[in-house]
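Engineer: Mind looking over this structure? Questions follow.
Derivation of every value follows stated rules applied to the coordinates shown; laboratory data play no part. Keep in mind it's a predicted model, so treat the numbers as computed, not measured. When we count neighbours, we look across all protein chains shown, and the Cβ atoms used for this are built from the backbone with ideal geometry, even at glycine.
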Amino acid sequence: MKASTSKQQSAPSALNPGFILKKAVISAAVALVLFSLMVGLRTEAGPSGQLIYWTRFGDLATMVAGVFLGSIAMELLRHWWGPVGTDRFVPPVVRSGIAVAGRLVAPVLLVFTLLVPVIFYNQRYILDLGILVLTYVMLGWGLNVVVGLAGLLDLGYVAFYAVGAYSYALLATNFDLSFWVCLPLAGILAALWGVLLGFPVLRLRGDYLAIVTLAFGEIIRLVIINWQSLTGGPNGVSGIPRPTLFGIPLTADEDGLAAKLGIEYSPTHRIVFLFYLILALALLTNWVTIRLRRLPIGRAWEALREDEVACRALGINTTTTKLTAFATGAMFGGFAGAFFATRQGFISPESFTFQESALVLAIVVLGGMGSQLGVALSALAMIGGFELFRSLEGYRMLVFGMAMVLIMIWRPRGLIGHRAPTVYLTKAHAISSDLVKEGHG
Amino acid sequence: MDYLAQQLINGLVLGSIYGLIAIGYTMVYGIVGMINFAHGDIFMIGGFIALISFLVLVSFGLTAVPVILLIVLLVSMVMTALYGWTVERIAYRPLRHSFRLAPMLSAIGMSFVLTNFSQVAQGARVKPVPPIITGGYTLHEGSGGFIVQLSNIQIVVVITTVVLLAIFTWLVSRTRLGRDMRACEQDQTMAALLGVDVDRTISMTFVIGAALAAVAGMMYLLYYGLVDFFMGFVAGIKAFTAAVLGGIGSLPGAMLGGLLIGLIETLWSAYFSVEYKDVAAFSILIVVLIFLPTGLLGRPEVEKV
Amino acid sequence: MSRDQILEVDRLTMRFGGIVAVQDLSFAAERKKITALIGPNGAGKTTVFNCITGFYKPSGGAIRLSHDDGKVIALERLNDFRIAKQAKVARTFQNIRLFPGMTALENLMVAQHNALMRASGFTLLGLIGAPVYRDAEKRAIDLATDWLKRVNLLDRADDAAGNFAYGDQRRLEIARAMCTEPALLCLDEPAAGLNARESAALSELLLSIRNELGTSILLIEHDMSVVMEISDHIVVMDHGVKIAEGSPREVRDDPKVIAAYLGTDEEEAVAVMESGS
């Protein structure tokens, strides 16, 4: 019996216009009610302080019409494309081609990234974007250890990012320590926080662990905002020194790097330096993670995600295993935070909101948890996409939220659909992500 | 002493609002095992709808306060319930059998959508309203000149909460829907096999939760006189804390938890510091989950090996 | 506790709220022997297991484990992972708990976690690629390969455990438990769901574990053919108490045991026995 590799057959394919129309009308009616007050009317504090409103029935009509048409379009799409989630409609020939090309993606991407400052030397915008993307790649790789490998639901990762950033900022501005001294310190402090925060809550499972980590993240942010004497409160810390190339500053003075090398100074130098710096940090994160995966600790993380009870039955101390995952992820977050502080020169609590945690988590989940390449690709897609939508201003979060919902419906296991084993006798067979558990904390 | 009495009154009123929101969290967690991250924002939407309805009614010349309140209550409940229904249909139902993280991320995404929708649709600025219900009663005049007051709005909030709780308890224990809900909570598959429409029951759970959150939103608007697009986030976490404190899955627990959180927050603000009151609430969540994970009225779970 | 006994359960009691699952249970398992714990469903066997292996904390009584060197460990005071790690008690599960997203080889490597962690200097030596770790890893792979050969799964070493057939999964779970090099192996219904041929292979495997490696085995089982064939000693439970104990033949002919399984009382069982055989 030949298995069909083409479209996954759902209901019989007769197009039913009556049904589609009915669905569209109902959707439009619902939309009308939902949007009637929120969109149809617009309130605002008037000139004398009291609340006034005006009508926007045109906008309301547009939106309802949009929902009507969108509903029809969705039904037609669903009819022609099969139900949502058919990644099986790609024929096997193309799939194996992608698999072969897949092995090349990582090295090609790496080479391309190394050459970005060369190719785009004069395009400050691209370089800045590259630095932003790489920062999130690093954050994604760091959180990947906690969520992707160990299966612990962490919704407060931004806390470690903040600890790293503020540690560096305060150490550098108060004690004049160089970036290279502060960087490991920031990582250690963040890891310490990881252990401190992790220790009391690691008994918790799944959703509870998630909400507690969220609470921690918020507590850190509120403390930063309110402890003005230490952190400067909402005003943040400014005047954070820029990094030096092991002591040689990247400025236009005589002791600057440009002068030493005998080339003309350009502000682009610092940007390029920052680019390679974050790239190095990110690659370090990646290398350490890959190595740790092959060591007993990494394997224990993944086993923890697969089945915690079985781990305990094998004599594995699940508490310390969880703590090491937490601490390692926190450490990388701390490094990224320190980099963030030095790149911006100024930090404030506004950069460390729950939205950041959610963004990094979305990057990890979309990437296909545990997959290094997947996380990198999804960071590129998300941050790149975010930037593309910059022109949309206030609508950005709306689009992001909708994208999160859609991605979860379409590809809940992420872009990369498989896991690579860490040790093998003859051949490494990629394990389909249908088999891999997502962990329960 | 009088100061304390006033704070207790204030705390209980605030707690009633939290309790109403908490019921939504606990019901949804009980029946589908997920934390509805978007629920706090449903509360916020409820507040906005109440606000806009008020404006419209007042601008049409309606002046009878009880009539206005009733209409606003109904409109708010119905519309917000529809929001809750829509969110469930779009973002949660397709993921019901997916793995754990998917509905959570979907919920977070939905939360962003609602927050941002509100921000974009109504502007980012806080919306103030003049006090609609004024006046109150002086309970006690202290020797230090401090007056303990019970305002009319506080009475309205408490009475509304009590009435709704009564209706709701009747709904859960006496009606068919309530029975279906409890059946689905225990064993969805079995309930389906016995003829319970699981999809509809789950939808109704979200709808009821949203309706209660709408009432909470309206009460909040009346009590504090303002709404803003971000109020769902913090209120949501506090209400979830209340649900956990009371014992997740337990309805009286949610109310009890809400009252306690309201009291703690008010007393903390009054006696310690206002800036850190949210930190206090979040810390309670952590402490409760560490030392009393099943909450005050919840059932202890034995791990099955 | 005599030198011959590896495990002594002494007046074990386990309460869940108002329900007494296990009441005053006492029995002993002998070293290098196979002891079976049988009884109708709901007798409390898995509860006893969970107490012995550290998943429940007993409400009363003591559980003593004695190693070859004479050291006696109080199991009721150790909690979960320490029982596997320090007391060297390994177990399998009624519902099979493999790591489905990992290969068979990886599953067996995880079992050797503690030894490998020590050798990797708690990761630090491993991170820098020190030879002491690389040797330890090689030895671990060898042990795993050995066990895969024993359970006939060597050709599937690199396949995901979640893809294995049911019978293979059971054998893999036993191999994984054995990779922790335990003194006592506890098996929770290892023959459940196996057909006659697979059950026979299982019996052979367990006998070889006892004979060649000298590991003591404690098992819960419903499949009487396996129990009767391999057990040296049987303990029978019903409604949380021990109702019989002895060699397979003694237990098989005990009217109390028959009554418990038939759900009747003792006199009727005796009558059935006398009329039948």
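Engineer: Semi-axes, largest first, in whole Å: what does sqrt of 5 times each Cα gyration tensor eigenvalue give for segment C:191-238? List each step's numbers first, then the result.
Structural biologist: Values: eigenvalues 56, 49, 12 Å².
Values for segment C:191-238, descending: 17, 16, 8 Å.
Engineer: Also, I was wondering about something else. When the Cα centres of segment B:49-83 and segment B:210-235 are compared, how far apart do they sit, in Å?
Structural biologist: For segment B:49-83 versus segment B:210-235, the Cα centre distance is 14 Å.
Engineer: Further question on the same structure: Let me check I've understood the local charge: for residue B:281, count other residues with C-beta under 11 angstrom from its C-beta, Lys and Arg +1, Asp and Glu -1. What total comes out? Each step should come with its number before you reach the end.
Structural biologist: Details: positive: B:238, B:277; negative: A:218, B:265, B:278.
Every neighbour counted, the sum reads -1.
Engineer: Another question about this same structure. Please grab the % of Cα pairs in segment A:17-82 that end up more than 20 Å from each other.
Structural biologist: Value for segment A:17-82 (Cα pairs over 20 Å): 43 percent.
Engineer: Can you give me the Cα centroid spacing of segment A:108-131 and segment A:325-345 in angstrom?
Structural biologist: For segment A:108-131 versus segment A:325-345, the Cα centre distance is 22 Å.
Engineer: For chain C, max minus min Cα coordinate along each principal axis, in Å, sorted largest first?
Structural biologist: If we take the Cα atoms of chain C, the spans are 72, 40, 36 Å.
Engineer: Next question, about the same structure. Can you give the translational diffusion coefficient of segment B:17-233 in µm²/s, computed by Stokes-Einstein from the Kirkwood radius over Cα pairs at 37 °C and 0.692 mPa s? List each step's numbers first, then the result.
Structural biologist: Working: Rh = 18.5 Å.
D, rounded to a whole number, is 178 µm²/s.
Engineer: Still on this model: Just to confirm the filter: which GluC sites (Glu not before Pro) across segment B:218-305 are DSSP coil and have at most 10 other Cβ within 10 angstrom of their Cβ? Walk me through the numbers before you get to the answer.
Structural biologist: Working: sites: B:265, B:275, B:301, B:303; in loops: B:275, B:301, B:303.
When the GluC sites (Glu not before Pro) of segment B:218-305 are filtered for loop state and at most 10 Cβ neighbours within 10 Å, B:301, B:303 remain.
Engineer: Then there is this: Suppose we flag trypsin sites (Lys or Arg not before Pro) only when DSSP calls them loop and at most 14 other Cβ atoms lie within 10 Å. Which is the longest uninterrupted stretch of chain B? Each step should come with its number before you reach the end.
Structural biologist: Values: sites that count: B:125, B:304.
Here the longest run is B:126-303.
Engineer: Dividing the alpha-carbon Rg of segment A:132-250 by 2.2 N^0.38 Å yields what?
Structural biologist: On the way: Rg = 15.7 Å, N = 119, 2.2 N^0.38 = 13.5 Å.
In units of the globular-protein estimate, segment A:132-250 measures up at 1.16.
Engineer: Further question on the same structure: For segment C:1-72 and segment A:16-68, compute the distance between their C-alpha centroids and round to whole Å.
Structural biologist: 68 Å
Engineer: A follow-up question, please. Using a Cα-Cα cut-off of under 30 Å, which lysines could be cross-linked to residue C:138, ignoring same-chain neighbours fewer than 8 residues away?
Structural biologist: Cross-link targets: A:322, A:427, A:437, C:32, C:85, C:88, C:149.
Engineer: Between 0 and 90 degrees, rounded to the nearest ten: what's the tilt of helix B:176-186 against the longest Cα principal axis of chain B?
Structural biologist: Taking Cα atoms only, the helix is inclined about 70 degrees.
Engineer: Please list, in chain and number order, the residues 5+ apart from residue B:151 or on another chain whose amide H is under 5 Å from its amide H, with Hs placed from the backbone.
Structural biologist: Here B:137 satisfy the definition.
Engineer: Per the Debye formula with a single identical scatterer at each Cα and no solvent contribution, what log10 I(q)/I(0) holds for segment A:397-441 at q = 0.18, 0.24, 0.30 Å⁻¹?
Structural biologist: Reported log10 I(q)/I(0), two decimals: -0.69, -0.90, -1.05.
Engineer: I want the local charge near residue C:69. Using Cβ-Cβ distances under 13 Å, sum +1 for each Lys or Arg and -1 for each Asp or Glu among the other residues.
Structural biologist: Its environment carries a net charge of +3.
Engineer: I'd like the FRET efficiency for residue A:181 and residue A:108, computed as 1/(1 + (r/R0)^6) with the beta carbon distance as r and R0 of 45 Å, rounded to 0.05.
Structural biologist: On the way: r = 36 Å, r/R0 = 0.80.
Given R0 = 45 Å and the Cβ-Cβ separation, E is 0.80.
Engineer: Which residue fluctuates the most in chain A, going by a Gaussian network model with Cα springs under 10 Å, if the choices are A:306, A:264, A:44?
Structural biologist: Maximum fluctuation in the GNM of chain A, among the listed residues, is at A:44.
Engineer: Something else about it: Hand me the trypsin sites (Lys or Arg not before Pro) from segment C:122-199 located in a DSSP loop with no more than 16 other Cβ atoms within 10 Å, in residue order please. Walk me through the numbers on the way to the answer.
Structural biologist: Values: sites: C:134, C:138, C:139, C:149, C:150, C:156, C:170, C:171, C:176, C:197; in loops: none.
Sparse-neighbourhood loop trypsin sites (Lys or Arg not before Pro): none present.
Engineer: Same structure, new question: Viscosity 1.567 mPa s, temperature 4 °C: what is the translational diffusion coefficient of chain A from Stokes-Einstein with a Kirkwood Rh over Cα pairs, rounded to a whole number of µm²/s? Each step should come with its number before you reach the end.
Structural biologist: Numbers: Rh = 24.6 Å.
My calculation gives 53 µm²/s for D.
Engineer: Who wins for biggest fluctuation among C:175, C:62, C:119 in a Gaussian network model of chain C, springs between alpha carbons below 10 Å?
Structural biologist: For chain C, modelled as a Gaussian network with Cα springs under 10 Å, the answer is C:119.
Engineer: Here is a follow-up. Amide H neighbours of residue A:51 under 5 Å, at least 5 residues apart or on other chains, H built in the peptide plane: list them.
Structural biologist: It is A:46, by chain and number.
Engineer: Right, next: What number, in nm² with one decimal, is the all-direction average of the projected area of the convex hull of the alpha-carbon atoms of the protein assembly as shown? List each step's numbers first, then the result.
Structural biologist: Working: hull surface 207.4 nm².
Mean orientational projected area (the protein assembly as shown, Cα hull): 51.8 nm².
Engineer: Which semi-axes, in whole Å and largest first, does the equivalent ellipsoid of segment C:90-158 have when worked out from the alpha carbon gyration tensor as the square roots of 5 times its eigenvalues? Numbers along the way, then the final one.
Structural biologist: On the way: eigenvalues 117, 40, 21 Å².
So the three semi-axes of segment C:90-158 are 24, 14, 10 Å.
Engineer: Then there is this: Based solely on its DSSP helices, what 222 nm [θ] is calculated for chain A when runs of n ≥ 4 H residues each add -39,500 (n - 2.57) and the sum is averaged over all residues, nearest 500 deg cm²/dmol? Write down the numbers at each step before the final one.
Structural biologist: Numbers: 16 runs with 283 residues, N = 441.
Helix contribution divided over all residues of chain A: -21500 deg cm²/dmol.
Engineer: Per residue of B:273-285, what is the mean number of Cβ atoms on other protein chains within 10 angstrom of that residue's Cβ?
Structural biologist: 4
Engineer: Also: With N denoting the number of residues in segment A:318-441, provide Rg(C-alpha) divided by 2.2 N^0.38 Å, to two decimal places. Mind showing how you got there, number by number?
Structural biologist: On the way: Rg = 17.0 Å, N = 124, 2.2 N^0.38 = 13.7 Å.
That works out to 1.24 for segment A:318-441.
Engineer: When chain A is treated as a GNM, springs tying every alpha-carbon pair under 10 Å, which of A:340, A:354, A:160 comes out with the largest mean-square fluctuation?
Structural biologist: A:354
Engineer: Further question: If packing is taken as the mean number of other Cβ atoms within 10 Å per residue, what is the order of A:120-132, B:225-237, highest first? Please list the in-between numbers first.
Structural biologist: On the way: A:120-132: 15.5, B:225-237: 21.2.
Top of the packing list down: B:225-237, A:120-132.
Engineer: Also, I was wondering about something else. List every DSSP H helix in chain A whose Cα atoms extend 27 Å or more along the helix's own long axis and whose mean Kyte-Doolittle hydropathy is at least -0.5. Could the numbers behind the result be given before it?
Structural biologist: On the way: long enough: A:17-38 (31 Å, 1.82); A:57-81 (35 Å, 0.95); A:92-119 (38 Å, 1.92); A:124-143 (28 Å, 1.44); A:179-201 (33 Å, 2.05); A:206-226 (30 Å, 1.47); A:268-294 (39 Å, 1.06); A:318-344 (39 Å, 0.45).
Those that pass (Cα extent of 27 Å or more, hydropathy at least -0.5) are A:17-38, A:57-81, A:92-119, A:124-143, A:179-201, A:206-226, A:268-294, A:318-344.
Engineer: Convert each backbone phi in segment B:222-232 into a coupling constant with the Karplus relation 6.51 cos²θ - 1.76 cosθ + 1.60 (shift: θ = phi - 60°), then list the ³J(HN,Hα) values in order as whole Hz, x for Gly and Pro.
Structural biologist: 5, 6, 9, x, 7, 9, 8, 5, 9, 6, x
Engineer: So what's segment B:100-181 giving for Cα Rg divided by 2.2 N^0.38 Å, two decimals? Kindly include the intermediate steps, with their values, before the conclusion.
Structural biologist: Details: Rg = 21.1 Å, N = 82, 2.2 N^0.38 = 11.7 Å.
The reported ratio for this selection is 1.80.
Engineer: What does the helix-only formula give at 222 nm for chain B: each DSSP H stretch with n ≥ 4 adding -39500 (n - 2.57), the total divided by the residues, and the result rounded to the nearest 500 deg cm²/dmol? Don't jump to the answer; show the numbers that get you there.
Structural biologist: On the way: 11 runs with 216 residues, N = 305.
It lands at -24500 deg cm²/dmol.
Engineer: I've got another one for you. In the calculated pair distance distribution of segment B:2-51, what percentage of Cα-Cα distances lie above 17 Å? Intermediate values should be presented prior to the final figure.
Structural biologist: Working: 616 of 1225 pairs.
Value for segment B:2-51: 50 percent of Cα pairs lie more than 17 Å apart.
Engineer: Work out the charge dipole of segment A:17-82 with +1 on the Cβ of Lys and Arg and -1 on the Cβ of Asp and Glu about the Cα centre, then indicate which of A:18, A:41, A:66 is farthest towards its positive end.
Structural biologist: A:18
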